[in-house]
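A.B. asks: Before we start, here is the structure in question, set down as structure tokens.
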Amino acid sequence: MARELHDHWFKEAKREGYRSRAIYKLSEIDRKRHLIRTGDAVLDCGCAPGSWMEYAAQRTGPDGSVVGIDLLEMVPLPGRNVHVLLGDLRDIGDEELLAPAGLGGTRRFDVMLSDMAPNTTGHRDTDHHRSMALCELVLMRSGSLLRPGGHLVMKAFEGGNFQELVQRIQDCFEDVKAMRPAASRSVSREMFIVAMDRRADAELTLPPPPSGGPPPVPDDWSRGS
Ligand SMILES: C[S@@+](CC[C@H](N)C(=O)[O-])C[C@H]1O[C@@H](n2cnc3c(N)ncnc32)[C@H](O)[C@@H]1O
């Protein structure tokens, strides 16, 4: 709390009435990469307490829609086209995510965001591998949730398997960059992978077992317990 009271982005979020300082990470990424457009349908994975949804709803406007999902309950957001689902991204089917935005069949999201993070343990490798499992989950789900030409942003904790993940994403998207927004804390090892223009022929396959990490059992990695 003491750290937050002295934090520039925390104060800024309070002053502007946003739910979290995280909004400034997405706004910087969007300003630099032009991710979200008026009328877009956006899926926000790991949306609580809701500042990315606040930002996305402002950007998409009344003709767009924003669907968020989180393990944690959050205070509802205003807006006819803003929907929050409570649950684990691993357990909620495509139809349940697409339907609130009026999508389904061949109509999918224009933009998919993930600020999901595991509960951190303080053990670098463990936190990295759990974060990688969440990223793999998001990448796999983007195969059926994101339209060809759509954009994907995901948070990842850096570590030994980070570059391999970036390469796998490069196979599926035309333009992939790793960014570290100014609002990321200096002590954090988070990076944001920003992937533009999903290839129509992207082939999403399960990742190879990580080097130096546990076997690829996403259930163990990403629950964060
Ligand atoms: C850093 S917070 C997101 C902050 C949010 N972007 C904002 O601007 O308010 C990460 C969230 O990811 C959620 N999360 C982690 N694993 C998840 C999963 N498997 N399914 C859904 N949500 C998950 C956590 O509950 C947590 O609320």
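A.B. asks: Restrict the search to region 64-140; then list the trypsin sites (Lys or Arg not before Pro) that DSSP places in a loop and that have at most 11 other Cβ atoms within 10 Å of their Cβ.
C.D. replies: Counting only loop positions with at most 11 other Cβ atoms within 10 Å, the trypsin sites (Lys or Arg not before Pro) in region 64-140 are Arg80.
A.B. asks: Hey, how many Å between the Cα centroid of region 125-184 and the Cα centroid of region 22-86?
C.D. replies: 18 Å
A.B. asks: Given a 1.4 Å probe and every protein chain left where it sits, what share in percent of the accessible area of the chain is carbon and sulfur?
C.D. replies: That share works out to 51 percent.
A.B. asks: Something else: If the only charges are +1 at each Lys and Arg Cβ and -1 at each Asp and Glu Cβ, what is the size of the charge dipole of region 2-222 around the Cα centre, to the nearest 20 debye?
C.D. replies: Using Cβ point charges on Lys, Arg, Asp and Glu, region 2-222 gives about 780 debye.
A.B. asks: Looking at region 23-126, which GluC sites (Glu not before Pro) are in a loop (DSSP not H, G, I, E or B) and have at most 11 other Cβ atoms within 10 Å?
C.D. replies: Glu73
A.B. asks: Would you list the membrane-span-like helices of the chain, meaning whole DSSP H runs whose alpha-carbon atoms span at least 30 Å along their axis and whose mean Kyte-Doolittle value is at least -1.0?
C.D. replies: Correct list, ordered by number: 124-145.
A.B. asks: With 20 Å as the cut-off, how large is the P(r) tail for region 2-222, expressed as percent of Cα-Cα pairs?
C.D. replies: Everything past 20 Å amounts to 57 percent.
A.B. asks: Could you give the accessible area per residue of region 2-222, probe 1.4 Å, as a whole number in Å²?
C.D. replies: Here the residues of region 2-222 average 48 Å² of exposed surface.
A.B. asks: Under 15 Å between alpha carbons: how many lysine pairs meet that in the chain, if sequence neighbours fewer than 8 apart on the same chain are excluded? The partial results should precede the final answer.
C.D. replies: Numbers: Lys11/Lys25; Lys25/Lys155; Lys25/Lys177; Lys32/Lys177; Lys155/Lys177.
Close lysine pairs under the 15 Å cut-off: 5.
A.B. asks: Just going by the charge dipole of the chain, with Lys and Arg at +1 and Asp and Glu at -1 on Cβ, which of Val66, Ala183, His128 is farthest out on the positive end?
C.D. replies: Ala183
A.B. asks: Divide by every residue of the chain the summed helix terms, -39500 (n - 2.57) for each DSSP H run of at least 4, and state the resulting mean residue ellipticity at 222 nm, rounded to the nearest 500 deg cm²/dmol.
C.D. replies: -9500 deg cm²/dmol
A.B. asks: Another question, then. Rolling a 1.4 angstrom probe over the protein chains, ignoring ligands and nucleic acids, what is the accessible area of Ser144 in square angstrom, nearest 10?
C.D. replies: We get 50 Å² for Ser144.
A.B. asks: With springs connecting C-alpha atoms under 10 Å apart, model the chain as a Gaussian network and identify which of Ser65, Ser188, Ser142 has the largest mean-square fluctuation.
C.D. replies: Result: Ser188 has the largest fluctuation of those listed.
The values are calculated or read from the model by the stated rules, or taken from the named source; none is laboratory data. Just so it is clear, the structure is predicted and the values come from calculations on it, not from any experiment. Here the Cβ is made from the backbone with ideal geometry for all residues, glycine too, and neighbour counts use every protein chain on show. Side chains included, ligands, DNA and RNA excluded: accessible areas come from the protein's heavy atoms. Shrake-Rupley method; radii C 1.70, N 1.55, O 1.52, S 1.80 Å.
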